[in-house]
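Rule-based calculations on the coordinates, nothing more; no lab input. Nothing here was measured: the structure is a model prediction, and the numbers come from that model. Cβ: placed from backbone, ideal geometry, glycine included. Neighbour counts: every protein chain shown.
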Amino acid sequence: MSNDRSITITDRDFALLRMLRQEANLVSELERADVVDSHDIPPDVVTMNSRVTFEDVASRKMTEVTIVFPHDADVQAGKVSVLAPVGTALLGLTEGDSIVWPFPDGSSRCLRVVAVTFQPEAEGSRAGQTKAARDRDDKTPR
């Protein structure tokens with residue numbers, strides 16, 4: 001979905017997300033992204049593996065999810081794939097930002113980022129890495 005303002009994505013997330021090109025909405029979001037170094041991303045931006053509280057503005061329902069890569073998705077655990085409508089919509093937004101996003105049922109919903117309660121880059125953790133990258137790093141001699 002095209003929106004007027006850009007989103008902010010880390011260089012690492014951008015490189016990994018480009019591999020998921022089959023999803024048209026994700027491709028559209030990546031095309032409008034400001035790509036920044038992982039060390040320079042503000043702590044209130046939704047990145048991959050961030051935990052975010054958002055509000056469905058019409059229903060006033062608040063939800064907390066973690067935005068993850070498709071193979072890590074687990075709805076019961078609150079882990080939403082970046083390819084799911086909510087995941088793609090929230091990625092790259094900043095606390096306070098709102099976006100109107102299409103959903104599979106044909107409706108459009110206005111979602112507002114209330115808080116980024118965890119961001120791996122802000123925490124300096126390896127949580128922002130994919131499992132494959134963590135495994136590779138663990139096997140690399142130091």
Of all DSSP beta bridges in the stretch 7-120, antiparallel share, percent nearest 5: 75 percent
Cα gyration tensor shape for the stretch 7-120, rounded if a/c is under 1.5, else prolate or oblate: rounded
Peptides ranked, highest mean first, by Cβ atoms within 10 Å: ranges 28-35, 58-65, 11-18: 11-18, 28-35, 58-65
Fully extended contour minus Cα-Cα distance, from Met19 to Ala122, at 0.36 nm per residue: 34.6 nm
